[in-house]
Amino acid sequence: MSALRRFAFVTLVLAALVATWAVRMFHVGTFRPPALPAMVGGIADAPTGQWVPREEVGINQLILRGPPYARGLESGRLTADLLRAQEDELTTRLFHFVPRWLFLALEPFGIAYFSGIDAYFEPWMTQEMYGVSKSAPHEYDWLGDGYTRQITYHGIHEIGQMMVDQKGDVMGCTVAAVPTAKSWLLGRNFDFEGGRIFDREKIMKWVFPDDGYAFVSVIWAGMVGAVTGVNEHGIYVSLNAAGTKHYRRIGTPSTLVALKILQHAKTADEALAILRESTLFITDIFVLLDSHAGKLYRIEKSPLAMEVLPLEGPSIVANHLVGPRFADDPTNLFRRNELTSEARQVRGEALLRSAFPAGRLAAKRDEGTILSVLRDKGEIDGQPLALGNRNAIDPLIAAHSVVFDGDDQTLYVGKGPGVSGEFLGFDLAASFRSGRPVRRGSLPSDPRVTPTAFAAIRLVEEKASAAAHAFARGKCDEGEAPYQDALRALTLVGPETETYEFVSAGGDREACRGNLAAAKTLWRHALALHPAYLSERKGLEDKIATGKLRK
C-alpha cells in the first residue's frame, strides 16, 4: 500500500471508529435501539436463515426471510465468525499506523459532528441492524456496543469518499454497459481496499422480506445496505463513488438508499422517486437498470442536486461526474484530473467501440466480452501497464465483480480473487420463485492472472510500500527485508509486475544508502511506468529534482 493509500485507509477507518464513539455517546442519550414491533412466537427459537459457505459453492450464500429484526438476528448468527474477522482486520490495520491515544483524542469531535444522525435511518433498517448487532463481537465493545458499531460502519462508504476528496483514493468502481435487443448487458467492478477479507468472504445475500420485493445483493457480513444488487422485478442498482464540493454533516448513507430501491422499487420511476426524496451525506453515482423496460440510467446525486442521465449506447461509468450541474465542480475536476477515473473512462470507451461498432447490439455470447473489459489491465500509447496499476479498469483490487444479463436475468458473480476467478451464473427468476439460489452457467477464469500470481502481485505492492516507508525515514536496514520480499515475489510473476511503486522503492533504497545517481536513474524509470496519481508523479519529479526522500 503506497503512502497515499495508507493515509487514506487509516483516515477512513479512524473516522469510522471515531464516529462509532460519537454515536455511542448519543446512543446513551437520544440514539437508542429501535422500537421493535410485536412478534408472534420466539424468533430466536425458530431460525429461518440459511448459510452455504464458499467451500461448497464458490461464493458464500446467505438466505434471509421474514421481518427486519428476524433477518438481522439470522444474519448475525450465521456470519458471526466473519463479523469478528472483519473487525479484527480493520482494527489491526488501523492501529498498526495510528496510536490509540490519537483516536481517543479525536472522540469529542466525533461526538459533536454526528449528533442527530438517527433521523436519517428508517425504522425497518435500524431494526435489521439491531438484529445483526446481537452477534457483534464483544471484544470491540470499548469502541461502542454492537448496535452502535453497526450504525456507524454503514457510513464507511461516505467517510471513505470524504477521504478521497482530501487527496486519498481508496475506492473506485467501473461499470461497462451495452444495449441488447430488449434490455442491457452490463458488468461492474467494485474496487475497495479495506482488506482482502471483503473479497475472499464476499456474500451473495438473498433477501425474501415480509414487506417489499425479494432481491440479491453482493455484499459482506453485517452489511444491511447494498452496493450492488438486483431485485425480483429486474431492477438493478449499484453505486459508483463520486465527489462534489457539497457535503452534509449527516444524512442517509447511499448504501441504504440502494437497499430501499432494491426492496421497494418495481420500476425505474419508483426507484427515481426514492432517490429524489433521499438526503445524502456526499455525492454518488447510482447506476440504475430497469431490465424489463430496457432503460438504463446514470444518476448523479449530491446533497444539493440530482442529474438523471439516460444512457442509450455502449457506456462506461467511472468515478467522475459528467452532468452539466457538476462538470465544472472543483472536487469533481480533482477526481477527473488527478485520480484514475478519466483513464478508466477513456480506456473503457475505446474497448467498447472496438467490440461494439456503431449499431451492434450485445448478445448472449457477449457476456464474455463484457467480462474482458472488466479484466482489462490497461495500456498507454500502445504499451501495457504493469499489473496492478490503478489506471487500469482491473487494478487487481476489486472486492467483487459482476456481469448482469438483463435479457434472461442471469447474474454472474466472480469467485475472486478480484476479477480473476471464475464467474458463477445464477438464474434470478428461478431463484426468486424457489426462494433459493439456482445456478445457471459460468464464465471462465482469467488465464493471465492465477490465484498465485494475484497473491504475488499484491505482496509486491505491500512489501514495496513497507520498504519505501522505512527508507524515507532513513531506516535502510529496516527497509531491506520487505524490499527483498518484494523482489522475490516479483520473480514469481515476471517483469510485467515491475510496478512503479517497486521501482520507486528501489530508488529510495539507493538514496538511503547514499547512491544518489543510481537512485535518480530508478526514479526516472518509475516515472516512465505511468504512476496512477498526479501526487505520485509529482513526488517522483520532486525526488529527481532534489534528491531528497519525502518522509
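Of the residues that sit in the range 299-328 and are touching a Gly at 6+ places or on another chain (Cβ under 8 Å) and surrounded by fewer than 24 Cβ atoms within 10 Å (Cβ to Cβ), which one is nearest to VAL175 (Cα to Cα)?
Of everything passing the filter in the range 299-328, ILE316 is nearest to VAL175 (Cα to Cα).
Looking only at the range 306-344, which residues are without any contact (Cβ under 8 Å) to a residue 24 or more places away in the chain, among the acidic types (Asp, Glu) and not in a strand (DSSP E or B)?
Result: ASP328, single match.
Scan the range 202-233 for residues that are part of a loop (DSSP other than H, G, I, E, B), of a type outside the set (A, V, I, L, M, F, W, C) and crowded, with 21+ Cβ neighbours inside 10 Å and report the count.
Count: 3.
Can you tell me which residue in the range 507-542 is surrounded by the most Cβ atoms within 10 Å (Cβ to Cβ), limited to those that are at pLDDT 95 or above and among the polar types (S, T, N, Q)?
THR521
Report whether or not GLY382 is closer than 15 Å to ASP446 by Cα and surrounded by fewer than 24 Cβ atoms within 10 Å (Cβ to Cβ).
In short, no.
Filter the range 394-430 for residues that are more than 18 Å from LEU239 (Cβ to Cβ) and among the small types (Gly, Ala, Ser) and give the result.
GLY406, GLY416, GLY418, SER420, GLY421, GLY425, ALA429, ALA430
Just to verify a result, which residue in the range 152-180, among those that are more than 15 Å from the chain's Cα centre (by Cα) and at pLDDT 95 or above, is farthest from ARG298 (Cα to Cα)?
THR180
Answer yes if at least one residue in the range 491-499 is crowded, with 17+ Cβ neighbours inside 10 Å, within 24 Å of ALA545 (Cβ to Cβ) and out of contact with any strand residue (DSSP E or B) (no Cβ under 9 Å at 6 or more places or on another chain), and no otherwise.
yes
Does ILE393 satisfy the criteria of being touching a residue at least 24 places away in the same chain (Cβ under 8 Å) and touching a helix residue (DSSP H, G or I) at 6+ places or on another chain (Cβ under 6 Å)?
Yes: the conditions hold for ILE393.
Output the strands (runs of 3 or more DSSP E) that fall wholly within the range 363-453 and possess 3 or more residues being over 22 Å from the mean Cα position of the chain (by Cα), or say none.
Where strands (runs of 3 or more DSSP E) fall fully within the range 363-453 and carry at least 3 residues being over 22 Å from the mean Cα position of the chain (by Cα), they are 439-443.
Going by the conditions given, is SER401 free of Cβ contacts under 8 Å to residues at least 12 places away in the same chain and among the small types (Gly, Ala, Ser)?
The answer is no for SER401.
Scan the range 282-338 residue by residue and report those that are within 21 Å of the chain's Cα centre (by Cα) and of a type in the set (Gly, Ala, Ser).
Listed by number, the residues that qualify are SER302, SER315, ALA318.
Go through the residues of the range 492-500 one by one and say whether even a single one is at pLDDT below 95 and hydrophobic (A, V, I, L, M, F, W, C).
Taking every residue of the range 492-500 in turn, at least one turns out to be at pLDDT below 95 and hydrophobic (A, V, I, L, M, F, W, C).
Does THR244 satisfy the criteria of being β-branched (Val, Ile, Thr), buried (at least 18 other Cβ atoms within 10 Å of the Cβ), in the same structural domain as CYS173 (by TED's automatic domain parsing) and touching a residue at least 40 places away in the same chain (Cβ under 8 Å)?
Yes; evaluated as a whole, the condition is true for this residue.
Scanning for something touching a Ser or Thr at 6+ places or on another chain (Cβ under 9 Å), crowded, with 20+ Cβ neighbours inside 10 Å and of a type in the set (Val, Ile, Thr), does the range 248-271 turn up at least one residue?
Yes, some residue in the range 248-271 is touching a Ser or Thr at 6+ places or on another chain (Cβ under 9 Å), crowded, with 20+ Cβ neighbours inside 10 Å and of a type in the set (Val, Ile, Thr).
Select, from SER465, SER504, SER442, SER431, the only residue that is hydroxyl-bearing (Ser, Thr, Tyr) and surrounded by fewer than 20 Cβ atoms within 10 Å (Cβ to Cβ).
It is SER442.
The values are calculated or read from the model by the stated rules, or taken from the named source; none is laboratory data. Everything quoted here is computed from the prediction, not taken from an experiment. Because the Cβ atoms are built from the backbone with ideal geometry, glycine has one as well, and the counts that use them run over all protein chains shown.
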